[in-house]
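The structure under discussion is supplied below as C-alpha cells; questions concerning it will follow.
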Amino acid sequence: MINVIGFVLLLVVGYLFGKYFEKRHYKSIIKREEQFNQLPAIATKYPPQDQVYQQQLVSGGVVIASDYFKSFVAGLINVFGGRVTPFESMLDRGRREAILRMKQNAQAHNANYVFNVKLETSRIATGRLGAIEVLAYGTAMIPAINPISAEQDQPSATPGA
Amino acid sequence: MLISNLEILPNHRIVRHLGLVQGSSVRSKHVGRDIMASLKNIFGGELLGYTELLQESREEATERLLAQAQKIGANAVLNVRYSTSSIAAGAAEIFVYGTAVEIVADD
C-alpha cells in the first residue's frame with residue numbers, strides 16, 4: 001500500500017514539476033532565440049569569402065534529465081510502440097538550448113556567423129533513469145578589423161570559454 | 001594555435017599535413033552529485049553538475065589535443081570533431097580529434 005502511495009506521489013510530483021520546468025524552459029528558449037536571430041548558425045562547411053574572418057571554435061552543451069512522469073509514460077508507450085512524445089520534447093529542448101549556448105559563446109567573441117555547426121547527442125547514464133547530453137559546436141567567424149594585426153595575435157584556443 | 005572545425009582557412013595555405021591528433025578525457029563526479037542527479041530525475045530539468053563536468057572534460061580533452069599538435073610542430077588543427085560516450089554509470093568519455101596542419105598566411 002505504501003509502495004503504491006509512494007509511486008503515485010512520485011508520478012504527481014514528477015508531472016507537476018516536470019511540466020513547470022519544461023514550460024519555463026521553453027519560454028526562456030523562445031525569448032533567447034529571438035535575441036540571437038542576428039547571429040545565424042549555419043551548417044555549411046565552406047567559410048564566407050566576403051571579408052577577412054578569424055576563426056574560433058565555440059561550443060555549448062547541456063545535460064537534461066527526464067522527470068519521473070515522462071519516464072513512466074515512455075515506458076508505457078514502449079509496450080505498445082509509437083511516438084515517444086515525452087522524450088521528443090526533452091531532446092528538442094536540449095538541442096535548442098545547446099545551440100543557444102554556442103551562440104552565446106560566439107557572441108562573446110563578436111562573431112558574425114557560426115559555421116559548420118555539428119550537433120551531437122548522447123545518453124548519460126545516471127543510475128537507473130536517463131539523462132541526455134547535447135553538444136553543439138561550430139566555428140565562429142569573427143570579422144577581423146585589421147587583417148595584419150589579427151594575424152599576429154591569433155586567439156588562444158579555448159573552446160567553450 | 002588555431003583550432004577550427006572547418007576544413008578550409010581563407011587567406012591561408014596549408015603547407016604540411018601532420019596527421020590525426022586526438023585528446024580524450026574520462027571523468028566522473030563524486031557520489032553526492034550522483035545522488036543529487038538521481039533526485040533531479042524525479043523532477044526533470046537541467047543537471048547543472050553534469051553540464052559543468054562535461055564542459056571541464058571537453059576543455060581538458062582539447063588541451064591534450066593541442067599539446068599533441070604542438071609536439072609534432074603544427075600551428076593549426078582543422079576539421080575538429082567531438083564525441084561523447086557514457087562508459088559506466090556516472091562516468092563519461094569525451095573524445096576530440098582533428099587534423100594537425102602547418103599553415104602560412106597568403107600575402
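The values are calculated or read from the model by the stated rules, or taken from the named source; none is laboratory data. Since the model is a prediction, treat every value here as computed from it, not as a measurement. Using ideal geometry, Cβ is built from the backbone for each residue, glycine included, and neighbour counts are taken over all protein chains shown. Calculation scope for accessible area: heavy atoms of the full protein, side chains included, ligands and nucleic acids excluded. Shrake-Rupley method; radii C 1.70, N 1.55, O 1.52, S 1.80 Å.
Can you tell me which residues in the stretch B:58-100 are crowded, with 22+ Cβ neighbours inside 10 Å and farther than 18 Å from A:Gly138 by Cβ?
B:Leu66, B:Ala69, B:Ala74, B:Ala92, B:Ala100
Right, another one. Give B:Ala69, B:Ala100 a once-over and let me know the one that is in a strand (DSSP E or B) and either out of contact with any helix residue (DSSP H, G or I) (no Cβ under 9 Å at 6 or more places or on another chain) or in contact (Cβ under 8 Å) with a residue 12 or more places away in the chain (or both).
B:Ala100
Collect the residues in the stretch A:15-47 that are open to solvent by less than 70 Å² (accessible area, probe 1.4 Å) and without any contact (Cβ under 8 Å) to a residue 60 or more places away in the chain, keeping them in residue-number order.
A:Gly18, A:Phe21, A:Ser28
When the stretch B:1-57 is examined, which residues are found to be away from chain A (no Cβ under 11 Å) and among the acidic types (Asp, Glu)?
Selection gives nothing.
Give me the residue from the stretch B:58-79 that is polar (S, T, N, Q) and under 30 Å from A:Ile64 (Cβ atoms) and, out of that set, nearest to the other protein chains (Cβ to nearest Cβ).
Looking at residues that are polar (S, T, N, Q) and under 30 Å from A:Ile64 (Cβ atoms), I get B:Thr62.
Inside the stretch B:6-41, can you point out the residues that are touching a strand residue (DSSP E or B) at 6+ places or on another chain (Cβ under 8 Å), among the basic types (Lys, Arg) and not in a strand (DSSP E or B)?
Of everything in the stretch B:6-41, just one residue is touching a strand residue (DSSP E or B) at 6+ places or on another chain (Cβ under 8 Å), among the basic types (Lys, Arg) and not in a strand (DSSP E or B), namely B:Lys40.
Could you say which residue among A:Gly75, A:Gly82 is without any contact (Cβ under 8 Å) to a residue 24 or more places away in the chain, out of contact with any helix residue (DSSP H, G or I) (no Cβ under 6 Å at 6 or more places or on another chain), small (Gly, Ala, Ser) and open to solvent by less than 50 Å² (accessible area, probe 1.4 Å)?
The unique qualifying residue is A:Gly75.
Do we have B:Arg16 as in contact with a Lys or Arg (Cβ under 9 Å, 6 or more places away or on another chain) and modelled with pLDDT of 90 or more here?
The answer is no for B:Arg16.
Which numbered condition in (1) open to solvent by 70 Å² or more (accessible area, probe 1.4 Å); (2) within 22 Å of A:Thr139 (Cβ to Cβ) is the only one that A:Leu100 fails?
Every listed condition holds for A:Leu100 apart from (1).
Does A:Gln104 count as in contact with a strand residue (DSSP E or B) (Cβ under 9 Å, 6 or more places away or on another chain), in a loop (DSSP other than H, G, I, E, B) and not hydrophobic (A, V, I, L, M, F, W, C)?
Taking the combined requirement at face value, the residue does not satisfy it.
Looking only at the stretch B:1-57, count how many residues are within 30 Å of B:Ala74 (Cα to Cα), β-branched (Val, Ile, Thr) and open to solvent by 50 Å² or more (accessible area, probe 1.4 Å).
Qualifying residue count for the region: 4.
On to the next question. Just the residues that are farther than 28 Å from A:Ile99 by Cβ and aliphatic (A, V, I, L, M), please, taken from the stretch A:58-88.
Hits for the stretch A:58-88 are A:Leu76, A:Val79.
State yes or no: is A:Gly75 over 22 Å from the mean Cα position of the chain (by Cα), more than 11 Å from chain B (Cβ to nearest Cβ) and either at pLDDT 90 or above or assigned to a loop (DSSP other than H, G, I, E, B) (or both)?
When the stated conditions are applied, A:Gly75 does not pass them.
Now a separate question. Does A:Gly18 fit the bill of being within 19 Å of the chain's Cα centre (by Cα), over 24 Å from A:Asn105 (Cβ atoms) and small (Gly, Ala, Ser)?
Answer is yes for this residue.
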